[in-house]
Structure formats: C-alpha cells, structure tokens
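Here is the structure we will look at.
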Amino acid sequence: MDPHVLKSLNAAKRAREAAVIVTDLNDGRDRMVRAGDHVAGELGEAIGKALKSGKSGIAEAEGREFFLNVHVPPARMVIIGAVHISQALAPMARMAGFDVTVIDPRTAFATPERFEDSDLVADWPEDVLKDRPLDYFTALVAVTHDPKIDDYPLISALKTGCFYVGALGSRKTHGRRVERLKEAGLSEQTIGRIAAPIGLPIGAASPAEIAVSVLAQVIEALRTRDLPVRDADEGAAA
Amino acid sequence: MSLSEQADIRDPLMIAEGWMNEGRDLAIATVVETWGSAPRPTGSHLVIDAEGNFEGSVSGGCVEGAVIAEAIEVIESGKPRMLEFGVADETAWRVGLSCGGKIRVYLERLG
C-alpha cells in the first residue's frame with residue numbers, strides 16, 4: 001500500500017467521510033476514491049455500487065482484477081431526551097458499537113448520576129448540533145415528546161438524511177407533530193421517514209424493553225440501508 | 001477519551017500509520033474474498049511489522065501465525081502475495097480454518 005493512500009484514508013476516517021481503497025491485484029497499485037469522486041467506465045460503476053452497498057469485494061473491470069475496500073464511518077446515535085428509556089438505550093447502543101450522545105436541556109433529567117459513562121450534554125439541541133452536526137451515518141432518536149425539544153433535531157435529521165429518524169409518542173402526539181413539520185415546510189414523503197410509533201412491534205412495555213425495540217429498529221435501518229452516492233451536479237448531499 | 005478515539009486506537013490502519021511514523025517497516029494483510037463461514041468479513045486487516053508484532057485480524061486466530069511468517073518475507077522483498085486458506089487438516093498439521101470456510105488474503109508491504 002502506498003503510504004500516501006494510507007494517510008489520506010485515515011484522514012477521511014477522522015473526518016467521518018466514506019472512501020474506497022482501490023487495489024489493482026495484478027500490480028499492487030492502489031488509490032483512494034471518495035464518495036462523489038468521478039471514476040470512468042466499468043471500474044467507476046463497480047466503485048459506485050460498492051459505496052452504495054457498503055460492501056467490500058473483488059471487481060473485474062477492463063480485464064483486470066481489483067479489490068475495492070469500502071470504509072464508512074462508524075454509526076452514531078444521538079438521543080434527544082435524558083429520560084428513563086434513554087438510560088437503558090444509551091448503554092445498550094454503546095454495547096452494539098454505536099458512538100452515543102444524549103442531549104437534553106432539562107438539567108433535572110440530564111444529570112451525570114443518571115447517565116454514568118455516557119456522553120451527556122445538558123443543552124438545547126439547536127446549540128449542540130451547531131458544533132456537532134448530524135450526518136448520514138447518524139441515527140436520531142427523539143424521546144422527550146416535547147415539541148420545544150424534539151422538533152428542531154427531527155427537522156435537522158430529516159434534512160441531513162440521517163440513516164434513521166425515530167420519534168416517541170402516541171399516534172395522536174405524532175399526528176400533531178406531522179402537522180407542525182408540514183408547517184415548517186417539510187414534504188409528506190420526508191416526514192414519512194420518521195419511525196413512529198418508534199421501535200419494532202415486539203410488544204415492549206418497560207423502558208428497557210422499549211430500548212431493545214428501538215435499538216433493533218436502528219440496526220435494521222443500518223444494515224439494510226443504501227449509502228448515498230453524491231452526484232457531481234447534486235452538490236454536497238452526503 | 002471519547003468512544004471514537006478508542007475506535008481509532010483499535011483500527012489496524014490507524015496503528016499502521018503510527019508505526020510508519022516511528023520508521024518501522026510493515027506489511028498489511030487484507031481479506032479480499034471469503035467462501036462459506038469465514039470468521040472475519042471481506043476488508044478486514046492485519047498489520048505486521050518486521051519483528052512480527054501485529055494488530056488486527058484476518059481470521060479468528062486460526063491463520064494469523066502463517067500470515068505473520070509470510071509477512072516478514074514480504075517486508076524484505078516488497079513483492080505482494082495472495083494467500084489462500086481452507087479447511088484445517090488436523091492429520092497433516094496444516095494451517096487452516098476450523099470453521100470450514102475458505103479465505104483469500106492479500107499481503108503487501110507498506111511503501
């Protein structure tokens with residue numbers, strides 16, 4: 001491997017950017033292709049497919065054998081609301097490999113005692129997300145069912161294209177939420193991306209059980225997703 | 001330390017960059033193809049230095065020893081190799097995968 005390729009790949013990983021290392025298995029030459037870079041011909045098509053699926057593998061192109069190693073950022077979970085469900089969900093999600101952040105401006109809820117070992121921020125989501133923006137590789141889980149707290153991060157997650165957006169609340173609560181998001185200018189189709197009622201239907205009752213159903217739904221979204229491939233004329237959508 | 005920093009530390013390619021900056025010669029092994037039940041997915045890395053120190057994995061510990069031995073030769077020659085491992089044959093004491101899968105590992109020198 002070319003040392004420059006290694007350095008660029010690690011830099012892309014630190015910046016949470018998706019990239020593919022393309023190695024020509026005939027002569028060992030390699031290079032890095034970022035999501036959105038244009039590569040012509042058969043090889044370009046294969047790279048696009050690999051990025052979309054997130055799967056590494058061998059590709060035959062132009063009569064040569066290439067290995068395409070896809071590197072996508074580790075998934076993050078941002079939980080809005082330091083509530084009882086979050087106390088179970090945060091450690092479970094960490095165990096499943098997610099980088100977890102809990103955000104809640106209500107300092108009575110967001111206490112270090114209630115969230116030991118968690119990355120907890122006692123501040124308004126609009127302030128926190130300014131410094132730590134959401135991205136495609138993030139799951140947004142909103143569980144306060146308080147519009148003052150949940151709505152901003154939900155809108156932001158839908159606009160960013162987070163791979164999962166879920167919101168807690170009864171059908172009635174969600175109905176009112178849909179109306180507010182429409183007024184905020186979001187299309188019905190976009191709003192339809194919100195998982196509500198949140199979680200897989202396993203009859204979960206306790207906070208820990210609801211956390212399991214939410215985590216299972218997030219993992220389903222993560223493992224069955226299509227990665228966005230940036231088009232040259234679409235701009236910075238990824 | 002944040003969780004992403006911890007992930008950084010476990011990432012074999014991040015470790016490889018650190019070793020490179022220390023001036024160590026090293027090889028990178030990559031799982032490029034798997035058949036059947038393979039312990040590590042395609043794209044997994046093992047990095048090895050000239051003294052045989054290693055980080056990461058290409059199997060669940062079944063064939064790492066053999067890859068490390070070959071890596072030392074690859075570091076010397078600079079010529080990449082393709083290694084194949086199949087089912088372990090206990091009677092012949094051959095290195096292999098006890099799970100019954102088959103893997104192809106591409107082994108190359110860094111730089």
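Computed quantities for the displayed model
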quantity	calculated
Protein accessible surface hidden between B and A, which excludes ligands and nucleic acids, total in Å², probe 1.4 Å	1800 Å²
Inter-label distance, nm, simple model (7 Å from Cα along the C-beta direction), A:R223/A:K130	4.0 nm
Per residue solvent-accessible surface (Å²) - the range A:1-114, probe of 1.4 Å	45 Å²
Other-chain or far-sequence residues with amide H under 5 Å of A:M77's (modelled H)	A:D99, A:V100, A:T101, A:A139
The range A:3-71 - charge dipole about Cα centre, Lys and Arg +1 at Cβ, Asp and Glu -1, debye rounded to 20	520 debye
5 angstrom amide H check on A:A18, placed H, neighbours 5+ away	A:A35
Taking the range A:103-202 and dividing mean pair separation by its residue count, relative contact order in percent (alpha carbons under 8 Å, at least six apart)	23 percent
Computed E for B:A66/B:E22 - FRET, C-beta separation, R0 22 angstrom, nearest 0.05	0.25
Contour excess over end-to-end distance, with Cα ends at A:H4 and A:K148 and 0.36 nm allotted per residue	47.1 nm
Minimum 50 Å² accessible area buried by the other protein chains, the range A:91-109 residues, probe 1.4 Å, relative to alone	A:D99
Mean ellipticity per residue at 222 nm, deg cm²/dmol - from DSSP H runs of n ≥ 4 across chain A, formula -39500 (n - 2.57)	-12000 deg cm²/dmol
The range A:76-223: C-alpha gyration tensor shape, a/c 1.5 cut-off, then a/b vs b/c	rounded
Note, ³J(HN,Hα) from phi for the range A:57-63, Karplus 6.51, -1.76, 1.60, rounded to Hz, x at Gly and Pro	x, 8, 10, 9, 8, 6, x
Fraction of accessible area attributable to carbon and sulfur, the range A:3-71 (%, probe 1.4 Å)	47 percent
Apportionment of accessible area to carbon and sulfur, the range A:76-223, percent (1.4 Å)	53 percent
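The values are calculated or read from the model by the stated rules, or taken from the named source; none is laboratory data. Keep in mind it's a predicted model, so treat the numbers as computed, not measured. Neighbour counts run over all protein chains shown; Cβ positions are idealised from the backbone, glycine included. For accessibility, only protein heavy atoms count, side chains too; no ligands or nucleic acids. Shrake-Rupley method; radii C 1.70, N 1.55, O 1.52, S 1.80 Å.
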